[in-house]
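Below is one structure, written out as structure tokens, with a few remarks after it.
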Amino acid sequence: MRDLYAEAAARWVAAGRTSHYAIVPATDPALVDAWFRLGFGHQHVHAIREPAVSSDEIEAPPGLLVRPPRRDDLETLARIDVALPEHQALAPVFSPLPVPSVAEMRDELEADFDDPRFTTFVVERDGEVIGATVGCAIEVSSMHKSLALPRGAGFLGFAAVLPEHRGSGAGRVLGETVLAWARDAGYPAVVTDWRMTNVLAFARVAGARVPADVLPPPSGNRLTAGA
């Protein structure tokens, strides 16, 4: 594998293609190690698990309530959407992606509000919306293709809580809500992904199995390990 990459990468770099990504099974430690020894590092995680079962109950901490969004939530939902890229621009993620404005996100949310492909939930704390999550079919995701596309699965595509309310249990409740939604919608599994360096990613403790990792070195290569 290392010799194969060395041969292919020489041609790619000569052609100006200097950002490299690969998808490999996270269940094959020797193969993952081979990519590490090529200078790749761990950046991203893809994970999959079963949805909630019929006996699972969502136990929200006192003061928290999950409900569908209303149009008068759009301004707060835009702030929540911006809160995630703002967080990922900080240490230790250091994402170089631009952070959208609240106005830009509000316009996007307004345009997609009635899109039947997406199911959104918000969580309130004492009557104030503090977080949100979105579920959809995995096929809607532009990121999950090829080996990272378990067809027919549900997808936890977004979840965020406003910074001042993190640690309240809202993230856990949002995750459990999507698992219950996937069960009720008939999805056999739920997929999600997160930045490995995102220390707030609640998906790590939500019972998800990890078939996928992303590994970047300073040179800008990327490795995604997946089932």
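Taking residues in the stretch 2-29 that are within 30 Å of residue 48 (Cβ to Cβ), and partners anywhere that are of a type outside the set (Lys, Arg) and surrounded by fewer than 11 Cβ atoms within 10 Å (Cβ to Cβ), the pairs with Cβ atoms closer than 7 Å and at least 6 places apart or on different chains are 19/220; 23/146.
Considered as a group, the residues in the stretch 1-17 that are part of a loop (DSSP other than H, G, I, E, B) and at pLDDT 90 or above include one that is surrounded by the most Cβ atoms within 10 Å (Cβ to Cβ), and that residue is 17. Remark: residue 113 matches the filter, which requires a residue to be touching a residue at least 12 places away in the same chain (Cβ under 8 Å), out of contact with any strand residue (DSSP E or B) (no Cβ under 6 Å at 6 or more places or on another chain), surrounded by 15 or more Cβ atoms within 10 Å (Cβ to Cβ) and among the aromatic types (Phe, Trp, Tyr). Note on the stretch 18-51: residues that are more than 21 Å from residue 155 (Cα to Cα), assigned to a loop (DSSP other than H, G, I, E, B) and of a type in the set (Asp, Glu) amount to 1. Please verify whether the stretch 116-137 includes one or more residues that are more than 20 Å from residue 69 (Cα to Cα), in contact with a helix residue (DSSP H, G or I) (Cβ under 9 Å, 6 or more places away or on another chain) and aliphatic (A, V, I, L, M). Checked against the condition, which is being more than 20 Å from residue 69 (Cα to Cα), in contact with a helix residue (DSSP H, G or I) (Cβ under 9 Å, 6 or more places away or on another chain) and aliphatic (A, V, I, L, M), the stretch 116-137 yields no hits at all.
Scanning the stretch 138-156 for residues being without any contact (Cβ under 8 Å) to a residue 40 or more places away in the chain and buried (at least 22 other Cβ atoms within 10 Å of the Cβ) gives a total of 1. Screening the candidates 77, 97, 109, 90 for the property of being at pLDDT 90 or above, closer than 29 Å to residue 153 by Cα and either part of a loop (DSSP other than H, G, I, E, B) or of a type in the set (D, E, K, R) (or both) yields one hit, 97.
The values are calculated or read from the model by the stated rules, or taken from the named source; none is laboratory data. Given the structure is predicted, the values throughout are model-derived calculations rather than measurements. No Cβ is skipped: glycine too gets one built from the backbone with ideal geometry, and neighbour counts run over all protein chains shown.
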